[in-house]
Amino acid sequence: MNFVKSKKLESMGGVVHGFSNREVGTDASLIEKYSKLPRIAQLKQIHSANVVVLDDIENHDDLREGDSIITSLKDVGIGIRTADCVPILIVDRDKSIVAAVHAGWRGTLSEIAIKTINTIKSEYGIDSSLLTSVIGPSISSCCYVVGEDVAALFKERFSNCDQYLFESGESKYVLDLGIANKIALEKAGVADIEIVDICTKCNANFYSYRREGKGVSTQLSFIALSST
Ligand SMILES: [Zn+2]
């Protein structure tokens with residue numbers, strides 16, 4: 001079974017993770033078996049900025065609404081489904097929490113990455129300087145063109161959006177969601193950040209909403225603290 005791996009997370013120990021492609025998709029049972037995790041908890045993703053803290057796996061039914069999930073439970077996977085949107089996996093230096101975030105343009109606009117980091121601080125008392133974040137395969141600036149409407153929302157909200165939003169022809173803009181989320185993580189105090197340089201639209205091994213349209217399937221990105 002083939003997963004894209006983060007170099008930083010692979011070298012860490014104490015944590016299991018992977019970014020699936022279309023070969024694996026979102027078949028959690030396959031991933032659970034492969035990664036020897038009894039369960040990968042997911043969310044009903046709604047392109048929100050809602051952060052869910054998972055502290056009881058027995059009472060989690062995968063239907064809690066949100067787009068970011070954090071847990072300190074060992075051997076419990078948490079997963080986020082995407083097809084072009086940005087998956088972000090997070091772990092702290094002491095391997096006491098992990099988080100998985102879904103950041104499309106709406107989540108990025110509402111700073112879901114920053115809300116996740118702030119929740120890690122408020123719920124677990126972990127400072128952002130102790131966190132490692134990995135921005136997984138997503139649609140890159142080579143392919144992500146948005147209209148004036150979306151661009152205007154970013155321009156209104158972020159004075160520094162010229163670092164990731166570029167004009168590209170009449171009423172068209174290139175939006176680099178990976179860089180936008182990297183900047184958000186840095187703003188929240190995270191210094192240790194890896195970007196996996198794979199564009200899901202360019203690379204046919206991944207599901208891509210922009211390439212395949214409505215009804216496209218998704219890939220699952222997952223992370224877990226391991227007790228062994
Ligand atoms: Zn591309």
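The values are calculated or read from the model by the stated rules, or taken from the named source; none is laboratory data. Just so we're clear, the structure is a prediction, and the values are computed from it rather than from any experiment. Every residue, glycine among them, receives a Cβ derived from its backbone with ideal geometry; neighbour counts consider all protein chains shown. The area values use the complete protein model at the heavy-atom level, side chains included, leaving out ligands, DNA and RNA. Shrake-Rupley method; radii C 1.70, N 1.55, O 1.52, S 1.80 Å.
With respect to residue 175, is the statement that it is under 25 Å from residue 211 (Cβ atoms), in contact with a Phe, Trp or Tyr (Cβ under 8 Å, 6 or more places away or on another chain) and within 16 Å of the ligand (Cβ to nearest atom) true? Yes: the conditions hold for residue 175.
Residues that are open to solvent by less than 10 Å² (accessible area, probe 1.4 Å) and assigned to a helix (DSSP H, G or I) within the range 112-140 comprise 112, 113, 116, 117, 120, listed in sequence order.
Taken as a whole, the structure places residue 206 among residues that are open to solvent by less than 50 Å² (accessible area, probe 1.4 Å) and in a loop (DSSP other than H, G, I, E, B). Kindly indicate whether residue 185 is surrounded by 15 or more Cβ atoms within 10 Å (Cβ to Cβ), under 14 Å from the mean Cα position of the chain (by Cα) and touching a residue at least 40 places away in the same chain (Cβ under 8 Å). Yes, satisfied. Entry remark, the range 209-228: residues being open to solvent by less than 40 Å² (accessible area, probe 1.4 Å), more than 16 Å from the ligand (Cβ to nearest atom) and under 18 Å from the mean Cα position of the chain (by Cα) number 7 in total. Selection over the range 154-172 of residues that are more than 16 Å from the ligand (Cβ to nearest atom), over 21 Å from the mean Cα position of the chain (by Cα) and not charged (D, E, K, R) gives a count of 4. Screening residue 151 on (1) under 19 Å from the mean Cα position of the chain (by Cα); (2) more than 16 Å from the ligand (Cβ to nearest atom); (3) surrounded by 17 or more Cβ atoms within 10 Å (Cβ to Cβ) shows it passes everything except condition (1).
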